[in-house]
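Written out below as structure tokens is the structure these notes cover.
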Amino acid sequence: MLDKGKFYGCSNYKKDSSSSCDFTISKTIAKKTVSTELIKEIISGQETKVISGFKGKTGKNFSAKLKLNQENKVVFVFQNNDPKVKKHKGKSITK
């Protein structure tokens, strides 16, 4: 993964090329800057620890874990008792 400014991309990333990798992860997710260490966890297929400080569309703060889904999109993972599960579960948050 290479630092591409506002996001991380594959080493052979090219936006409009069909023969290159187009996988990216935004550095900012739900108005929270995600550290390089967390990006590495996500890319390796791990689920992160619970991260606080995400901000929803209505401006409310929430906490969640992050992971890659089967389509290689970063998604929120909520605890079962979190009232926001239905609102945010499985929402794609990549660039």
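The values are calculated or read from the model by the stated rules, or taken from the named source; none is laboratory data. Every value quoted in this text rests on a predicted model; they were computed, and no experiment measured them. Surface areas here come from the heavy atoms of the whole protein model, side chains and all, with no ligands, DNA or RNA. Shrake-Rupley method; radii C 1.70, N 1.55, O 1.52, S 1.80 Å.
Annotations for the structure displayed:
- Accessible area per residue, Å², segment 25-74 with all protein chains present, probe 1.4 Å: 60
- Taking amide hydrogens as placed 1.01 Å from N in the peptide plane, the amide H of Phe23 sits under 5 Å from those of Cys10, each at least 5 positions away in sequence or on another chain.
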